[in-house]
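The values are calculated or read from the model by the stated rules, or taken from the named source; none is laboratory data. Bear in mind the structure is a predicted one, so any value in this text is a computation, not a measurement. Every residue, glycine as well, gets a Cβ built from its backbone with ideal geometry; the counts of neighbours run over all protein chains shown. These area figures cover heavy atoms from the full protein model, side chains too; ligands, DNA and RNA do not enter into them. Shrake-Rupley method; radii C 1.70, N 1.55, O 1.52, S 1.80 Å.
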Amino acid sequence: MWPGKERPGYKLAKQYGNIYSLWGGPYHIIILSGYQAVKEGLIDHSEAFADRPVTPFILASTQKRGIVFSNGHTWEQQRRFGIVTMRKLGLGNKGIESQIQEEAQQLVEFFAETKGQPFDPSLPIVRSVCSVICAVAFGRRFSTDDKDFLELMEAISISLKFGSSIFYLLYENFSNIMKHLPGPHQTALSALERIVSVARKEITQHKENQNLHALQDFTDSYLFQMEKRKDDLRSTYNEDNLAQCIADLFIAGTDTTYASLEWAMLLVANNLDIQDKVHKEVDEVFGSSLSICYNDQKKLPYTNAVIHEIIRKKYAFLFGLPRQCVQDIYLNGFLIPKGAVIFPDLRSVLLDPEHWETPEKFNPNHFLDKEGHFVEKEAFLPFGAGARACLGELLAKTEFFNIFTRLLRQFRLEPPEGVEKLSEKSIIGVSVHPSPYKICAVPRIRIA
């Protein structure tokens, strides 16, 4: 991605230390770099960094609603509900996982149709990932040519591309002018509103067919919570927050998992020896059975290590979502003032040479002991930590594991003929994707 000393933040951290300040227009930005600084900030002083900065664009697009960019009482209620509901929906168990497995099977069938010829896996992957969020939010999958589904995917793409553009920075620093001018910022705000509009349409349909005794998805569960707390004057459960929570699920839950799976296909195609070890382990444990679920990761230590190493080496975000300091606090001897915007450099944690033997190399042994057992690593923090740790961590892990293992049960993924190695050059945005590439999915066993 960024070899060695070229990765973002490396030179600044080396020159100024693992806690350093920048000014971005009116914003006092403090970067936490490396595991120790990030741990001290996000874990040891979690409550001090519990807020999100409410910038002009975030305010215009979310109105302080939802989970990701809300604060205070609203955030506490919405996040608590989200955690409980995700657990009730059966992630890592049954429930939503069965729908994830259906999407994985759809991918298998698409890969099979290529008959071993070169193809770009990005479109089928993003469709599958977006369909999983539809299952979580709405309890159903859309057909790939459904108008609302296509509109969702387009709107998500527009929103994320804008987040890494110069127009985003201009809006954040000159919003009083920019909000009156045409341009990509207006297109992005319109795209975000379209996501919310699709959510509102689904909410209306759920209300018309509401069954409080059979809560099938996030929307059903939220509507039940609204009814349950309707007499609570401090309740923040309402349709505006629900629509924004659903938009948050789509924006936060689609692109990062999509990027990670793109990198996964590329890395196993570039490291056929590692891929062959995954094939061998899965074959030995499961034989010809295609029934594998998330809980089976314990039976597959090497495969589990490969998945974790993909996520570590090719971290899907450029840094990590910002926090805001809610009080003056000292961190490693430095005063972090109230109101400062905190960027935890999670990429630097995942490449910290004090915690990874070969940080710049793709090496599954980072997660294995000498006996080949899987080992949890404290510096593995791609989903953040503390009060704002990623709500969808279990969903993302369940999705990745099911799709990855099902595809490798059926195929050997290889570079096209004549291509020795696929390029690992990155496309940098809010998330980090590989440059477009093609692979060949060579069938390993007959697909049932």
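For ALA316, no residue whose modelled amide H falls within less than 5 Å of its own remains once neighbours fewer than 5 places apart on the same chain are excluded.
Among the listed pairs LYS299/LYS397; LYS39/LYS88; LYS313/LYS425, give every one whose C-alpha distance is greater than 21 Å. The partial results should precede the final answer.
Working: LYS299/LYS397 16 Å; LYS39/LYS88 29 Å; LYS313/LYS425 13 Å.
Correct reply: LYS39/LYS88.
Counting only protein chain heavy atoms and rolling a 1.4 Å probe, the accessible areas of LEU189, LEU170, LEU422 rank, largest first, as LEU170, LEU189, LEU422. Could you report the accessible area of THR358 in Å², rounded to 10, computed with a 1.4 Å probe on the protein chains as they sit in the structure? Approximately 40 Å² of THR358 is accessible to the 1.4 Å probe. Note on SER143: accessible area is roughly 60 Å² with a 1.4 Å probe, heavy atoms of protein only. The alpha carbon centroids of the range 102-167 and the range 285-313 are separated by 23 Å. Under 20 Å from a point placed 7 Å out from the Cα of LYS299 along the Cα-to-Cβ direction: which residues of the range 242-284 have their backbone N that close? Output list for this probe position: 276-284. Applied to the range 123-129, the Karplus parametrisation 6.51 cos²θ - 1.76 cosθ + 1.60 on θ = phi - 60° returns per-residue 3J(HN,Hα) values of 5, x, 5, 5, 5, 5, 5 Hz, with x for Gly and Pro. Less than 5 angstrom separates the built amide H of ASP51 from those of GLN324, VAL326, all sequence-distant by 5 or more or on a different chain. Phi-derived couplings, Karplus 6.51 cos²θ - 1.76 cosθ + 1.60 at θ = phi - 60°, listed residue by residue for the range 178-192: 4, 5, 9, 9, x, x, x, 5, 6, 5, 5, 4, 5, 5, 5 Hz, with x used for Gly and Pro. For the range 14-108, trypsin sites (Lys or Arg not before Pro) meeting the loop criterion (DSSP other than H, G, I, E, B) and having at most 14 other Cβ atoms within 10 Å: LYS94.
Each stretch of four or more DSSP H residues adds -39500 (n - 2.57); spread over every residue of the chain, this sum gives -15500 deg cm²/dmol at 222 nm.
What number comes out for accessible area per residue over the range 1-157 if the probe is 1.4 Å? Units Å², please. Please list the in-between numbers first.
Details: 7120 Å² over 157 residues.
About 45 Å² of surface per residue is accessible.
Taking every pair of distinct Cα atoms and averaging 1/r, then inverting, what Kirkwood hydrodynamic radius in Å comes out for the range 338-381?
Evaluated on the range 338-381, it is 12.1 Å.
Residues whose amide H comes within less than 5 Å of that of ILE336, counting only those at least five positions distant or on another chain, are ILE329, TYR330, LEU331 (H built at 1.01 Å from N in the peptide plane).
Computed from backbone phi with θ = phi - 60° and the Karplus coefficients 6.51, -1.76 and 1.60, the 3J(HN,Hα) list for the range 401-410 is 4, 5, 5, 4, 5, 5, 5, 6, 5, 9 Hz; x is used for glycine and proline. Taking all protein chains as shown and a probe of 1.4 angstrom, ASP44 keeps an accessible surface of around 80 Å². For LYS161, a cut-off of 18 angstrom between C-alpha atoms picks up these aspartates and glutamates, skipping any fewer than 8 places away in its own chain: GLU151, GLU172, GLU193, ASP248, ASP255, GLU262. Among the trypsin sites (Lys or Arg not before Pro) within the range 311-384, those in coil by DSSP and having at most 15 neighbouring Cβ atoms inside 10 Å are LYS338, LYS361, LYS370, LYS377. Computed over protein heavy atoms with a 1.4 Å probe, the carbon and sulfur contribution to the accessible area of the chain reaches 53%. Look at [x] -0.68, -0.79, -1.22; [y] -0.60, -0.75, -1.49; [z] -0.57, -0.70, -1.34: the one that is log10 I(q)/I(0) by the Debye sum over Cα atoms at q = 0.09, 0.10, 0.14 Å⁻¹ derived from this structure is [y].
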